[in-house]
Structures are given as structure tokens and as C-alpha cells.
Amino acid sequence: MSWLAERAEFVRCASEDDRFDDLLSRASALVVRTYTEVGRELLDRAPNLRVVGRAGVGLDSIDLDACAERGVRVVYTPDANSIAVVELVVAFMFDALRPRLFLDGALPKDEWKSLRAEQLAERQLSQVTLGILGFGRIGSRLAQSVRGLVGRVIYHDVREIAPDGRAAAEPVSAEQLYEQSDVLSIHVDSRRANRHAVGEAQLALMRENSVLINASRGFVLDHTALALRLSATPTMRAMLDVHEPEPIAADNPLLMLGNAYLSPHIAAATTLAHANMSRVVEDVWSVLEGGTPRYEAIPGDIIR
């Protein structure tokens, strides 16, 4: 905000603010975060708009076709939070597989021994097969990051990945991915075809003691099918950072399950990731100045 304010009239305003419509009608640029829908209705109210800056990665809430029709360019920060997302996924893996606690005082010997016995991990990461669904920017970074930790890394992607881009991970079919993964982490793109790509048939293939992690997009998972699978298989766990809708609806069946762990979309919640996402203002200003932005989204782009 400070960076833009040095160069232009900059106003921070929520859509519920009485000033919003007037400001939008005059705005040359609009900077948004995760939950602002930029579609035809909003664009109709912004006749002077030249650029939308998405301070983040996903473009699910931006109608790229509608923007292109009106000559509004869209810029974003595609690699701003990759490491932060990977960190959260690895943290989820440890949460699922390595029980631990911290003491707040001295303990009698028998209680000490009892606590140590309770923290016995059934599996080390070195015994685990990590499956990655979607081997794009974040999926491949995850594979690179866990080398030396997990026993085996496999992945499935709709694209053919060259051997030098596989980070020692092994390509497998979708069916093999579900069947062989002890931990399955979802990192697919935003195309509509991925809605409920992980549903009843796919979940049925997963191991009874497997862990499913989703830090990509909430709509990829069929939550009803997942709730049924988790209910029938208490030893299976799901750890989800993204949901549909957000915030989580009160009637989401996963809320009632002890083996479903839901976090409030915090994968990018690091100071560095937020700073990286905020740098979208540089591309916004580049467009306004007639320059060439670093990261511009166009219709048909698949955000991986």
C-alpha cells in the first residue's frame, strides 16, 4: 500500500464500504486477495479499469475471459507462496505420522515411562511412500524438499515430465498413485475438469491407514465422499487446508469426524509469502505505465 501510495492515489476499501462503488467507477487498477470475485458484474461497474492485480497465486476468483473482453489485464504472483505451502504439507506429514508432546513440569518415573510409550510412532517417514497428485510448481517443490526424509516419492500428472524435472520422483498411473501412497498430497491446477477429481472411486483405492492432504483447492475433493470414507475407515486421516466453500459451512460432514483435520486456509500464512504476494503492485504499476509485467495471466492459463 505504501509503495503504490507513493505513485498514485491509493485507497483501501472493502466492497461493503459505502464509498466502494464510487471509487471503483474511477479506478484504473484494482488489487485483490483471495475472496474478491472479479467477474462481469464487478467489471461493469469499473469502466476505467485497466489492470487487476491478484496478490496471490490462484486465479479461480478472476474471470479472465471477461477481463480480456474489456481490455483489463490481470497480473499475479505465481511463485510467491510455493515454499510456504510445501512447509505446511511437510508439517501435516509430521503431525500425522510422528506423535509428540511437550512437558510443562517434572513427572514421576511411571508417568514418564507411560508418556514415552504413548508417543511411539508406528511409521517413520523413511518407511513411507509419498504420493503427489499434480507435479507442477508446488508438487515438484514438495518432491525436492522431502528427498532424504521419505522412503519413496511417486507422482501422477496429466503432463509428461522430463526425467530431469522429476526430482527423483517416480511417475505412476492415477490408480497406482491412490493404491500405493501412504501419504497422498494434492497439488492440482484450477481447471474446471478437476472439480471432485478425488471422489468415491479414488478414495476407495486408498490404503486404510493412509493420510490424505489437500493444500491446493477445496473443489478438488468431494467432501461428502471423503466423509463417508473416513467414517467407514477410522484409521484413515484427512488433513485439509482448503475447502469449498470458505469459510467452512456449518453442515460440512467432515466437521463431525475425529479423523478429519481442517485448518483455515493458512498455507500461505508466512510473513515472507505475504510480502512476496504484495509485490504484485510492481506489475500493476508496470501496466499503468505502459510497461511489460513479469507475471500476466491470460484466458486459458492453467495455474499449477
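The values are calculated or read from the model by the stated rules, or taken from the named source; none is laboratory data. Keep in mind it's a predicted model, so treat the numbers as computed, not measured. Every residue, glycine among them, receives a Cβ derived from its backbone with ideal geometry; neighbour counts consider all protein chains shown.
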Scanning region 209-222 for residues that are in a loop (DSSP other than H, G, I, E, B), farther than 12 Å from Asn259 by Cα and over 11 Å from the mean Cα position of the chain (by Cα) gives Asp222
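In region 236-255, which residues are without any contact (Cβ under 8 Å) to a residue 12 or more places away in the chain and in a helix (DSSP H, G or I)?
Residues of region 236-255 that are without any contact (Cβ under 8 Å) to a residue 12 or more places away in the chain, as a first pass: 249-251, 255.
The one that is without any contact (Cβ under 8 Å) to a residue 12 or more places away in the chain and in a helix (DSSP H, G or I): Leu255.
Within region 267-304, take every residue that is β-branched (Val, Ile, Thr) and touching a residue at least 24 places away in the same chain (Cβ under 8 Å) and give me the one that is farthest from Leu240 (Cα to Cα).
Taking region 267-304 as the starting set, the residues that turn out to be β-branched (Val, Ile, Thr) are 270-271, 280-281, 284, 287, 292, 298, 302-303.
If we keep only those that are touching a residue at least 24 places away in the same chain (Cβ under 8 Å) as well, we get 270, 280-281, 284, 287, 298, 302-303.
Values: Thr270: 18, Val280: 27, Val281: 30, Val284: 32, Val287: 36, Ile298: 29, Ile302: 22, Ile303: 20 Å.
Per the criteria, the residue is Val287.
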Out of everything in region 53-80 that is buried (at least 19 other Cβ atoms within 10 Å of the Cβ) and farther than 18 Å from Ala275 by Cα, what residue ends up being nearest to the chain's Cα centre (by Cα)?
Leu59
Can you tell me which of (1) under 21 Å from Glu87 (Cα atoms); (2) in contact (Cβ under 8 Å) with a residue 40 or more places away in the chain; (3) not charged (D, E, K, R) is the one Pro264 doesn't meet?
(2)
Do you know which residues across region 244-266 are of a type in the set (Asp, Glu) and within 21 Å of the chain's Cα centre (by Cα)?
Glu244, Glu246
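May I ask you to say which residue of Leu4, Leu49 is touching a Cys at 6+ places or on another chain (Cβ under 9 Å) and either surrounded by 15 or more Cβ atoms within 10 Å (Cβ to Cβ) or outside the structural domain of Asp283 (by TED's automatic domain parsing) (or both)? Show your work before the answer.
Working: Leu4 fails: touching a Cys at 6+ places or on another chain (Cβ under 9 Å).
After applying the criteria, what remains is Leu49.
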Do you know which residues across region 88-111 are in contact with a helix residue (DSSP H, G or I) (Cβ under 9 Å, 6 or more places away or on another chain) and crowded, with 17+ Cβ neighbours inside 10 Å?
Val89, Val90, Met93, Leu97
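When you look at Gln202, is it more than 28 Å from Asp60 (Cα to Cα), out of contact with any Pro (no Cβ under 9 Å at 6 or more places or on another chain), at pLDDT 95 or above and assigned by TED's automatic domain parsing to the domain that holds Pro234, yes or no?
Values: more than 28 Å from Asp60 (Cα to Cα): no; out of contact with any Pro (no Cβ under 9 Å at 6 or more places or on another chain): yes; at pLDDT 95 or above: yes; assigned by TED's automatic domain parsing to the domain that holds Pro234: yes.
Answer is no for this residue.
How many residues, within region 176-192, are in contact (Cβ under 8 Å) with a residue 24 or more places away in the chain and either of a type in the set (Lys, Arg) or outside any strand (DSSP E or B) (or both)?
Filtering region 176-192 for residues in contact (Cβ under 8 Å) with a residue 24 or more places away in the chain gives 177-191.
Still in the running and either of a type in the set (Lys, Arg) or outside any strand (DSSP E or B) (or both): 177-182, 187-191.
Adding up the residues that qualify gives 11.
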